[in-house]
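The values are calculated or read from the model by the stated rules, or taken from the named source; none is laboratory data. None of the values given here were measured: they were computed from a predicted structure. Glycine also receives a Cβ, built like all others from the backbone with ideal geometry; neighbour counts cover every protein chain displayed.
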């Protein structure tokens, strides 16, 4: 029999385990406890949070005993079903939301209208939810993900024009537009207006400067096709829609209409150039404006782009933009998730001066993202990243990545970080498969160095050291300030029996991180006691890092 806990949150709060006969919970604090867990991100709250919210701040021992007693009561009521519904640790209580079904609807009354729990923290929590309808809808799983604001720059590609009326060139121009739009749509940082809308605007000969309003785009690509002796020549312009200013122009020649493989590769390069230019434009813009003048989408794009740049200065500055975005766009799950990733990377890069504080901030940000939208694939992904790399909770991390991919199978970052998790767990072949899938889904990602870096780790776990070295060096050619990539390169060189090159790579690492030693890796890295970590320790030790 499937275990089903029915919860009604509006008007009368009702909690009932569907059984024969049904088992209804009547105690106010017991119902309040389940309501808090049922509305929490991923059904999880810390014991401290529950103690303080339900029993106030009178004292740790009192709250601790009261929470233990409430859980004991629920165990008696639910019997063997308790362990199916709840997961308890020394720090957290988690309700498995897969076994929860919400009944009723917000029109039945106020949120938890009948619960007579007098503690001030509980009343503040209830009032905060009642005051925020969007939060209520997200918690009750009624609001579709698409209804939440996701500020990104918008772009489209108009069908390429031609001289004359050649139906072959006309069809080719339409195909190039469609293919480019399809590639751009894989980027998390861009909203793509369909090529059909672009086709209609092109047919109407709408002026470029008007398209920013009629299509709602910030950028567009347009261009011209002309025949050549061997095939055709394609000229493409990338334009800022509001001003009509050409940002760049590119041309390529294809030698055949019959085989468009070469053309497809050129379109990939154009799409990659568009994505990179949007990121560069956002960074240039934020550097010349006061923070209150920066548009929403430039805050996100510049913040995420600078977070992945090589210099410490850019990385630290990116936090300012991501903080502003998370405050300004409080209902954007992505804004909170990206800020959470910043805190994870701050620890992983070795920049943090307070590991416990930054770890908690990362977890708080991902929790807020999932409070805002429990089905945000990026929020689930970054929560998995924090659990994997900061909390060493591989089981929870895998659940988050799997949940993200169930919601969005094309979430390339979830595939990438799942590959890293599999490498940590010494599942090399699966790590490589996940990493390769991530790269297939992100052909234009402006942070491909990061994909190469984690792919290198995956190949080490799979004993493919040549591939590991290739990807590490590709990554370092773009960003030579990523600590884990240096470790992967040293490890690959050592196990390829190239000791002198491994020693040189170790000296390069120490040039950027002079205080780095093996004790820090042993104490701070989640995989240091696993096979992958032992390999890294062996390689670094043999290469001169003590």
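Within region 380-392, identify whether any single residue is touching a helix residue (DSSP H, G or I) at 6+ places or on another chain (Cβ under 8 Å), closer than 18 Å to residue 533 by Cβ and surrounded by fewer than 17 Cβ atoms within 10 Å (Cβ to Cβ), and answer yes or no.
Checking region 380-392: at least one residue is touching a helix residue (DSSP H, G or I) at 6+ places or on another chain (Cβ under 8 Å), closer than 18 Å to residue 533 by Cβ and surrounded by fewer than 17 Cβ atoms within 10 Å (Cβ to Cβ).
Output the number of residues of region 141-168 satisfying the condition of being at pLDDT 50 or above and surrounded by fewer than 20 Cβ atoms within 10 Å (Cβ to Cβ).
In the first step, residues of region 141-168 are kept if they are at pLDDT 50 or above; the result is 151-168.
Still in the running and surrounded by fewer than 20 Cβ atoms within 10 Å (Cβ to Cβ): 151-152, 154, 161-168.
So the count comes out to 11.
Among the numbered conditions (1) part of a helix (DSSP H, G or I); (2) under 19 Å from residue 377 (Cβ atoms), tell me where residue 445 comes up short.
Failing condition for residue 445: (1).
Looking for something surrounded by 23 or more Cβ atoms within 10 Å (Cβ to Cβ), under 22 Å from the mean Cα position of the chain (by Cα) and either in contact (Cβ under 8 Å) with a residue 24 or more places away in the chain or part of a loop (DSSP other than H, G, I, E, B) (or both) - is there at least one such residue anywhere in region 463-483?
Yes: region 463-483 contains one or more residues that are surrounded by 23 or more Cβ atoms within 10 Å (Cβ to Cβ), under 22 Å from the mean Cα position of the chain (by Cα) and either in contact (Cβ under 8 Å) with a residue 24 or more places away in the chain or part of a loop (DSSP other than H, G, I, E, B) (or both).
Considering only residues that are closer than 25 Å to residue 375 by Cα, part of a helix (DSSP H, G or I) and either in contact with a strand residue (DSSP E or B) (Cβ under 8 Å, 6 or more places away or on another chain) or not assigned by TED's automatic domain parsing to the domain that holds residue 118 (or both), which ones fall in region 34-76?
Within region 34-76, 34, 35, 36, 37, 38, 42, 43, 47, 50 meet the criteria.
Quick check on region 82-96: of everything there that is within 21 Å of residue 22 (Cβ to Cβ) and without any contact (Cβ under 8 Å) to a residue 60 or more places away in the chain, which residue is surrounded by the most Cβ atoms within 10 Å (Cβ to Cβ)?
The first filter runs over region 82-96 and keeps only residues within 21 Å of residue 22 (Cβ to Cβ), leaving 82-86, 95-96.
Now narrow it down to the ones that are without any contact (Cβ under 8 Å) to a residue 60 or more places away in the chain: 82-83, 86, 96.
On the way: 82: 17, 83: 12, 86: 19, 96: 17.
Across region 82-96, the extreme among qualifying residues is 86.
Name every residue in region 309-324 that is assigned to a helix (DSSP H, G or I) and in contact (Cβ under 8 Å) with a residue 60 or more places away in the chain, in order of residue number.
First pass over region 309-324, keeping only residues assigned to a helix (DSSP H, G or I): 312-324.
Once the filter is applied, which keeps residues that are assigned to a helix (DSSP H, G or I) and in contact (Cβ under 8 Å) with a residue 60 or more places away in the chain, region 309-324 yields only 312.
Which of the following residues is modelled with pLDDT of 85 or more, in contact with a strand residue (DSSP E or B) (Cβ under 7 Å, 6 or more places away or on another chain) and in a helix (DSSP H, G or I): 266, 262? So that I can check it myself, show each step before the final result.
On the way: 262 fails: modelled with pLDDT of 85 or more.
Step by step, each of 266, 262 is checked, and only 266 is modelled with pLDDT of 85 or more, in contact with a strand residue (DSSP E or B) (Cβ under 7 Å, 6 or more places away or on another chain) and in a helix (DSSP H, G or I).
Identify the single condition in (1) surrounded by 17 or more Cβ atoms within 10 Å (Cβ to Cβ); (2) free of Cβ contacts under 8 Å to residues at least 60 places away in the same chain; (3) under 20 Å from residue 8 (Cβ atoms) that residue 63 does not satisfy, given that it satisfies every other one.
Failing condition for residue 63: (3).
Restricting to region 212-236, name every residue that is free of Cβ contacts under 8 Å to residues at least 60 places away in the same chain and surrounded by 16 or more Cβ atoms within 10 Å (Cβ to Cβ).
Result: 212, 231.
Quick one: which residue in 539, 505, 492, 488 is buried (at least 24 other Cβ atoms within 10 Å of the Cβ), in contact with a helix residue (DSSP H, G or I) (Cβ under 9 Å, 6 or more places away or on another chain), under 19 Å from residue 389 (Cβ atoms) and not assigned by TED's automatic domain parsing to the domain that holds residue 348?
Working: 539 fails: under 19 Å from residue 389 (Cβ atoms); 505 fails: under 19 Å from residue 389 (Cβ atoms); 492 fails: under 19 Å from residue 389 (Cβ atoms).
None of the others qualify; the one that does is 488.
Scan region 42-57 and give yes if some residue there is more than 18 Å from residue 367 (Cα to Cα), over 27 Å from the mean Cα position of the chain (by Cα), modelled with pLDDT under 90 and exposed (fewer than 15 other Cβ atoms within 10 Å of the Cβ), otherwise no.
Checked region 42-57: at least one residue is more than 18 Å from residue 367 (Cα to Cα), over 27 Å from the mean Cα position of the chain (by Cα), modelled with pLDDT under 90 and exposed (fewer than 15 other Cβ atoms within 10 Å of the Cβ).
Which is part of a helix (DSSP H, G or I), surrounded by fewer than 19 Cβ atoms within 10 Å (Cβ to Cβ) and at pLDDT 85 or above, of 107, 79?
Values: 107 fails: at pLDDT 85 or above.
On inspection, the qualifying residue turns out to be 79.
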